[in-house]
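FYI, it's all coordinate maths here, none of it is from the lab. For clarity, every value in this text was computed on a predicted model and none was experimentally measured. Positions of Cβ are backbone-derived with ideal geometry, glycine not excepted, and every protein chain shown enters the neighbour counts.
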Amino acid sequence: MTDTTLEFAPAAEPLEKNYLNEETTLWSWLTTTDHKRIGILYTLSITFFFFIGGLAIGVVRLELMTPHADIVSAEAYNRLFSLHGIIMVWFFLVPSIPTTLGNFLVPMMIGAHDVAFPRLNLLSWYLFMLGALFTLYVLIAGGVDTGWTFYTPLSTSYATGHVAAAAAGVFVAGFSTIATGVNFVATIHMLRAPGMTWFRLPLFVWSMYAVSLVMLLATPVLAMTLLLIFAERVFGMPVFDPAQGGDPLLFQHLFWFYSHPAVYIMILPAMGVVSEIFTCFARRRIFGYTFMVYALLAIAVVGFMVWGHHMFVAGQSALADLVFSFLSFIVAVPSAIKVFNWTATLYRGQISFEAPMLYAMGFLALFTLGGLTGLHLASVPLDIHLHDTYFVIAHFHFIMVGGTVSAFLGGIHYWWPKFTGRMYPESWARFAAITMSIGFITTFLPQYVMGYAGMPRRYQIYLPQFQIYHVISSVGAMILAVAYIMPLLYLGWSLLYGRRAGSNPWGATGLEWQTSSPPPKENFHGTPRVVEGPYVYHDAETASGSEQAAPRPQGAHR
Amino acid sequence: MIGFSDVPEISQYASAIDVKFIVLTALTGAMGILVFVLVIVFSIRYRRGSPASRAPLPRWMQRDVEIGWTVATLFTFLFVFWWMAGAQLSALAQPKTNFEIHIEAKQWMWKVEQPNGAREINAIHVPANTDVRLIMTSDDVIHSLFLPALRIKRDVLPGRYTYLWFKAQRPGTYNFMCTQFCGTDHARMIGHFVVMTPEDYARWSMAQPETDDLAREGARLFVSFGCSGCHAPGSRVHAPDLHGLYGRQIPLDGGGFVTADETYIRDCILLNKHIPAGYPPVMPHFQGVVNEEQVTSLLAYIRSLSAEQQGASR
């Protein structure tokens, strides 16, 4: 099955020293500079925050079963959805794939022994934990009721919650994002193994490179914006308060200048993950590798120029509406190309349907549905009707949850044998993957319908005609909850009782598979040499381009 | 959507939006189905170990297909943009109408002032088949006025005016609501939007408690706040005459022009921003002295000065 030839045989595994059993004290974990261990620390942390954010929205969905206020007060409701948004965006989605799979895999995929700045990497985790735990404390003990968007002047002059403290927490966590971005850019530029040219990089590494650039350029804008909120709320510096000559719309421009690229921070890594999975389980080279690379970069660049499509009804000029609408249609093109390329990758493959592949196919379906409805929202006349309704909620959940979370779970399953050295239980995982897609569609498809019918977002009480959609949606959320809890249980089980995986259970081609599982502390015994492009899952096409006509692989050298 | 009994479309504009939504949904739906069908067909045909041929791809498939679908997608998306932008631009043309309703949003209610000065809370009555213009501002945070039956919405901001205009056609009672999250009771900022036949509207309007109309109230305030001391024709202070001011291009002190719309006049009253060229900056600002409702009345009065003049010159 595998085309790659390995020059070393996997040693007798239980005895081999690896990054997990080299040192086992808690102190060794808290002071580690090993990118793999930091990836594990991040995985545990963001999983915790994911379930906190999920718990909050669980109460919200329960409340929405009826049109009246039943179990929480209006204020508590507002605090719950604010907590859900803030936690999920900044402490789960933004760090999700880069800090976990990215930290673990980027050095391994390019044949490096660690990231460029290992201590900065550890610092980024501490900054993340500091910011995240402080924010969580503020959100639970004090409460913030502005939504995750902190719109002014509500957040600066009117909201009663602890806005300034929450802004400070997010501000601190932002530096961990910047540190991760710096690390990846430097690592990918400087530490590629001999022969690992730019156009031999796996698409996952390209996606990490693109996302790092976005993190570096966008996150400082968020930091500035939060500082201005802080200054206005705590020191009374009038920046956004119109009563003192400030401009509340300025905040929205600054905020979306970060927050729209942040959407790409969430989705680009997911695109990288599924590119790895599709090729492996279809035993196929990625279709149109160079197009895939340029599409990633195009999304990262053009993604900076579309923020105004969040403000079509906010009072910006008609010309600005027109320009932002145009650019939003343009940014959809590379995303569509990627969908076509993944589909074409399946053509003439040898497809099998293990759990990672099911998650990747779920990603493809849900991302396509979410992306296509983006065209509705990019159209100014339609967005004027749909803005701030459940249609928008459904749209971005399809992309961020249907897309990113599916890819995240797919990636976790795919690389689980590499992380832990053990296999997860396959049938349970397939069941969870399918349950997730079903639960997701049940939750969010009705939200498109009620959004068009005029159901506004962030409403605790609503008109009775929407109840049927809310009930379906809440039932879907319960299915979804089950689908998220299942992996926690069976993956935990497999840590102790899972079958030993061997170094390359999928017969995959990436460098990360050419070393033992779990990998040794220094990743490779020696430095790997790379002689060809990624995804050599089948013979090069007879009439293909030059990059695919490379000689047979040599694998990793000792 | 057409057929949603809960969201009737009650204007030509709303029907046009529904058509656009349905056509775009059909188009994107076709693209989605194309992808899903291909994925399913490939998954079955090329499942591992199936007998289907895995011969090498011919050269044209490597590159031409890629360029083909890139260009096709680009042109499809550009076409949709062009189609939607056309609708956006034609919707920009504000109708000429004197039927203006002032809306003041505050946490957490809508205060509405009819053209004849009648006031309502959380209800907007309008006559059918009449061009209506809403002039909206907020007392505190950003709100957003959403009229689902008309498929329109606009944010309502503090410190400036935003506008909505429509011609509702089918009499009935519908909803309007706030869609920009505005604090604790956001979900209670919801009201009735009542479209009446012009005859019913006239009857309803007559039955409202007697109030001065806005312009008359404004004229009274104009004197009581002392505005007339300077701005009345023949005053000894060098202040601009306000007759014919509304809607005119005003040259500014320091260069440039600004249109004297509601926002400009409001800023002049409250903040004394934008001094017109040729006048000394002697006017006191009225921030905290004149409230939003009084500004609205003063605006109506100043607008009426221009309407008078237009009438006189005709």
Cut-off under 5 Å, modelled amide H: who pairs with A:F287 long-range: A:T345
Estimated FRET transfer efficiency when R0 is 22 angstrom, pair B:L92-B:R248 (beta carbons, to 0.05): 0.55
Förster-model FRET efficiency, 22 Å R0, B:Q12 and B:W204, C-beta, rounded to 0.05: 0.35
Calculated diffusion of the range A:33-548, Stokes-Einstein form, Kirkwood radius summed over Cα pairs, 10 °C and 1.306 mPa s, µm²/s: 68
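Using alpha-carbon pairs under 8 Å, 6+ residues apart, how would you state the relative contact order of the range B:214-313 in percent?
The normalised contact order for the range B:214-313 reaches 39 percent.
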HN-Hα J in Hz across the range B:288-297 - Karplus 6.51, -1.76, 1.60, θ = phi - 60°, x for Gly and Pro: x, 9, 9, 8, 4, 5, 5, 4, 4, 5
Built amide H within the under 5 Å cut-off of B:H125, gap 5+: B:V194
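I'm a student and want to see the number: the projected area of the Cα convex hull of the protein assembly as shown, averaged over all directions, in nm².
Averaged projected hull area, Cα only: 38.7 nm².
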Unit Cα scatterers, Debye sum, the range B:43-120: log10 I(q)/I(0) for q = 0.13 Å⁻¹: -0.75
Two-site label geometry, B:A55 and A:E22: point separation in nm, points 7 Å out along Cα→Cβ: 5.2
The range B:156-213: relative contact order as a whole-number percent, Cα under 8 Å and 6+ apart: 31
Alpha-carbon Rg with Dmax, taken over the range A:89-178, Å: 16.0, 53
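With a 10 Å Cβ neighbour count serving as the proxy for reagent exposure, in which order, fewest first, do B:C227, B:C182 appear? Let's see the in-between values first.
Details: B:C227 21, B:C182 26.
Going from least to most buried by this count: B:C227, B:C182.
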Gyration tensor (Cα) of chain B, equivalent ellipsoid semi-axes in angstrom: 53, 26, 18
Distance between modelled label sites at A:L227 and A:W198, nm, 7 Å Cα→Cβ extension: 3.2
Potential lengthening between A:D70 and A:R499 on full extension [0.36 nm per residue; Cα-Cα distance subtracted]: 149.7 nm
Spin-label model distance (nm) - A:L489 vs A:Q244, 7 Å beyond Cα toward Cβ: 5.5
Residues with amide H under 5 Å from that of A:Y19, placed H, sequence gap 5 or more: A:K521
Computed Kirkwood radius, in angstrom, where 1/r is averaged over Cα pairs of the range A:17-138: 16.2
Volume of the Cα convex hull of the range A:277-367, divided per residue and given in Å³: 96
Within straight-line cross-link reach of A:K338, aspartates and glutamates at Cα separation under 12 Å, skipping those fewer than 8 residues along the same chain: B:E66
Estimated FRET transfer efficiency when R0 is 60 angstrom, pair A:R119-B:H192 (beta carbons, to 0.05): 0.45
Rounded to whole Hz, the Karplus (6.51, -1.76, 1.60) HN-Hα couplings of the range B:223-231, x for glycine and proline: 7, 5, 7, x, 4, 5, x, 9, 8
Equivalent ellipsoid semi-axes - Cα gyration tensor, the range B:100-207, angstrom: 23, 14, 13
Where trypsin sites (Lys or Arg not before Pro) fall in DSSP loop in the range B:235-286, at most 10 other Cβ within 10 Å: B:R236
Descending semi-axes in whole angstrom, ellipsoid equivalent of the range A:369-476, from the Cα gyration tensor: 33, 17, 9
Reach of A:K521 by Cα under 28 Å, taken over lysines that are not fewer than 8 positions away in the same chain: A:K17, A:K36, A:K418
Sorted by Cβ density within 10 Å, fewest first, the residues A:V302, A:V401, B:V19: B:V19, A:V302, A:V401
Per-residue ³J(HN,Hα) for the range A:422-433, Karplus 6.51 cos²θ - 1.76 cosθ + 1.60, θ = phi - 60°, Hz, x for Gly and Pro: 10, 8, 8, x, 5, 5, 4, 5, 4, 4, 5, 5
